[in-house]
Structures are given as C-alpha cells and as structure tokens.
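As structure tokens, the structure follows; a few thoughts come after it.
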Amino acid sequence: MINLKDKYTGCLLGLAYGDAMGAPYEGGMIERLVWRFIGKTADGCRRWTDDTQMSLDIAESMLAKGALFQDDLAQRFAESYDWKRVYGPGAAKILKLIRRGCSWRDAMHSVYRDGSFGNGAAMRAPVLALFFYDSLDKLVVNTRAASEITHSHPVGIDGAVLIALATSQLLINRSKEEVCEVVVAHCQTEEMRKPLQVAVNWLQQNNRPVVSVVVAQLGNGITAQKSCVTALYIALRFIDSGFLDMMNFIIDAGGDVDTIGAMAGSLWGAFNGSSGLPEFKIEDGARIEETALRIYSAVRC
Ligand code: F2R
Ligand code: MG
Ligand code: MG
C-alpha cells in the first residue's frame with residue numbers, strides 16, 4: 001500500500017511532469033517554436049507552464065495564510081504572471097489588470113461578462129484536494145473560491161470541482177467506480193454531464209476506444225468542457241499502467257496536451273505516489289516535492 005506522504009508528492013510532481021512533458025506539444029506552430037527556445041533550463045531540466053505555476057501559487061498562499069483567502073491568492077496569481085509560462089489569453093488579461101491595481105472582483109468579468117469556461121481553474125485544482133481530501137464539502141467550497149478569481153463561469157468551476165474531487169478520491173485509494181460516483185453526484189452542468197456519461201460508460205464496460213474516438217467524443221481543447229473529462233477518463237484508464245504509457249496516449253491525442261497531461265498526471269500520481277513516477281529532469285523538482293511535503297505536514301498535524 002502506498003503511503004499518503006508519497007501520494008502527496010506523487011500528485012504535485014505528477015501534475016508538473018504532465019505539464020512539462022506536454023508543453024512542447026501545446027498550441028500552434030508559433031507556440032511550439034517558441035517553446036523549443038525557452039522550454040528547458042540552462043542545466044537541461046524541462047520547464048513547466050501556467051498549470052504548475054498557479055498550483056504552486058495556491059499552495060504557497062494557503063500555507064502562508066492557513067486557509068484560502070481570495071485576495072491574497074489573486075495577488076499571488078498576478079505577481080507570478082510571466083508570459084513565458086504561456087497563460088490562457090483571458091487569464092493573462094485578468095492577471096495583468098490585477099497587477100495594475102484592479103480588484104479581482106472587477107477584473108474577472110472584464111474579458112467574458114459571464115466568466116471564463118477555460119480549463120485554467122481545473123488545471124490548478126488538484127492542489128486543493130491535498131488540503132481538503134477528507135471533506136468533500138470543504139473541498140467543493142474551496143475549489144469554487146479558488147476558481148472564481150479567474151474562472152467564474154459555471155462550466156469553468158464545474159471542471160475544477162470534478163478534477164479536485166477525483167484527486168481526493170484517488171488519494172484515499174477509491175476504486176474507479178467510486179471516483180466516478182462522486183464526480184457524477186457533484187456535476188452541476190449539462191456541458192460536463194454529457195462527456196462524463198460517455199466516459200463512465202466506457203470505464204464500466206471496459207471499452208478501450210482508440211485515441212481518435214476519445215478525442216472525438218470527449219475533446220482535447222482548451223475549455224473545461226473539452227478537457228477535464230478527457231483527463232479523468234485517461235487517468236482512470238491508465239491508473240494501473242505506467243505514467244509514460246499514459247503520457248504517450250495524451251501526446252497522441254494532441255490539443256491542450258500540457259493541461260490534459262497536468263490534470264491526468266496529478267490524478268495518476270495521487271493514486272500511485274511519486275515512487276511510481278519515471279526519472280525526469282524537471283525545473284524546480286525539489287521545490288515542488290518540498291511544497292507537497294509542507295502541505296502534508298500542515299494537513300496532518
Ligand atoms: N494558453 C495556453 N496555450 C496556448 C494555446 C493557444 C492556442 N492557440 C489555443 O487556443 O489552443 N495554455 C494555457 O491556457 C489554458 C488555460 O486557459 P485559461 O486560464 O482557462 O484561459 P482563458 O483565456 O480564460 O480560457 C481559455 C479559452 O477558452 C475560451 N473561453 C473561455 N471562456 C469563454 C467564454 N465565456 N466565452 C467564449 N470563449 C471562452 C477562449 O477561447 C479562451 O481563450 C491551458 O491550456 C494552459 O496551459
Ligand atoms: Mg499550460
Ligand atoms: Mg494547456
């Protein structure tokens with residue numbers, strides 16, 4: 001049985017590995033070309049993107065404050081913003097406004113009046129499960145609060161809650177069926193319910209469609225609707241296989257590879273622990289591991 005401490009580091013490192021392994025394949029020709037030049041540190045470690053940066057922001061804010069404070073988190077998101085981390089276009093505008101002194105409550109509606117339904121809240125949601133894995137209610141409330149700073153649309157929030165809940169269930173060794181039951185019970189939007197039903201049916205019937213069918217039915221895009229269930233499905237399908245087998249499938253699927261990789265990577269790592277992860281030279285690996293251990297100590301004492 002994998003111990004909880006190993007699962008904590010597995011979850012956060014799994015997120016960063018999935019992000020860094022997927023980043024070279026994300027976006028169009030220009031984004032990929034730029035990443036060839038900036039995607040590695042001087043000592044050859046693979047860099048991660050906004051997915052990992054915003055997860056670390058949440059962890060550091062909550063560790064410093066002892067709870068989730070939206071004002072502090074918004075400030076940290078804004079201060080960490082760096083174009084080289086390839087943020088989503090809407091999120092980038094919101095964070096630059098906050099940096100210039102605008103309140104996040106005003107900034108969050110400045111790009112999309114009804115809020116963003118991008119996958120940017122979901123990609124950073126696994127870290128919330130590390131703080132609240134033992135209370136579904138607290139996990140949902142805090143995930144919603146951490147999401148709405150940049151993603152106040154119900155679908156953006158639903159995707160984040162789905163990923164946070166699934167992470168929490170895998171941390172406590174729930175089966176695929178139990179994970180699906182919890183996420184289906186908490187799903188609030190039709191946009192998310194539809195792909196979720198497809199994925200649950202595949203898992204129940206042990207139907208293993210080829211990658212093109214997965215993409216056609218669940219999506220591989222930058223919105224929450226087209227990526228969160230995809231990541232959940234792939235993580236559960238590959239939960240008893242190697243991390244690299246899972247990542248190869250995600251890379252074959254294409255589209256928003258870093259974010260589907262980050263979400264599926266954290267789910268896989270939450271179940272299998274860091275001892276199951278492959279050798280991989282990643283930027284700030286020690287800091288990521290230490291952050292997971294600090295959360296573990298804060299939650300367990
Ligand atoms: N930005 C990237 N990668 C560059 C890929 C660019 C490429 N051309 C592409 O579009 O695929 N990666 C990072 O961004 C994603 C997270 O994005 P986030 O934080 O959710 O950003 P945003 O801008 O809020 O939402 C993303 C897109 O979703 C659509 N959208 C969202 N809300 C909408 C609304 N209310 N109405 C209409 N459209 C909405 C827009 O197209 C947004 O741009 C991750 O992949 C991360 O790695
Ligand atoms: Mg990214
Ligand atoms: Mg992405």
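Remarks
- Residue check, Val257 open to solvent by less than 10 Å² (accessible area, probe 1.4 Å), more than 30 Å from Ser135 (Cα to Cα), within 16 Å of ligand 2 (Cβ to nearest atom) and of a type outside the set (Lys, Arg): yes
- Helices (runs of 4 or more DSSP H) fully within region 87-148 counting 2 or more residues that are basic (Lys, Arg): 89-99, 136-148
- The single condition among (1) buried (at least 22 other Cβ atoms within 10 Å of the Cβ); (2) aliphatic (A, V, I, L, M); (3) within 15 Å of ligand 2 (Cβ to nearest atom) that Ile222 does not meet is (1).
- Lone unmet requirement of (1) in contact (Cβ under 8 Å) with a residue 12 or more places away in the chain; (2) within 14 Å of Met21 (Cβ to Cβ); (3) of a type outside the set (S, T, N, Q); (4) surrounded by fewer than 19 Cβ atoms within 10 Å (Cβ to Cβ) for Glu279: (1)
- Residues within region 65-105 that are charged (D, E, K, R), open to solvent by 40 Å² or more (accessible area, probe 1.4 Å) and within 16 Å of ligand 1 (Cβ to nearest atom), tallied: 6
- Checklist (1) of a type in the set (Gly, Ala, Ser); (2) open to solvent by 10 Å² or more (accessible area, probe 1.4 Å); (3) more than 16 Å from ligand 3 (Cβ to nearest atom); (4) under 16 Å from Gly22 (Cβ atoms) applied to Gly269, failing item: (2)
- Taken over region 7-51, residues that are open to solvent by 30 Å² or more (accessible area, probe 1.4 Å), away from ligand 3 (no atom under 15 Å from the Cβ), in a helix (DSSP H, G or I) and not aliphatic (A, V, I, L, M) amount to 2.
- Boolean, Ala160 is open to solvent by less than 70 Å² (accessible area, probe 1.4 Å), under 23 Å from Thr9 (Cβ atoms), out of contact with any strand residue (DSSP E or B) (no Cβ under 6 Å at 6 or more places or on another chain) and within 12 Å of ligand 1 (Cβ to nearest atom): yes
The values are calculated or read from the model by the stated rules, or taken from the named source; none is laboratory data. Keep in mind that what you see is a predicted model, and the values were worked out from it rather than measured. Glycine gets a Cβ as well: all are built from the backbone with ideal geometry, and neighbour counts include every protein chain shown. Side chains are part of the model used for accessible areas, which takes the heavy atoms of the whole protein and leaves out ligands, DNA and RNA. Shrake-Rupley method; radii C 1.70, N 1.55, O 1.52, S 1.80 Å.
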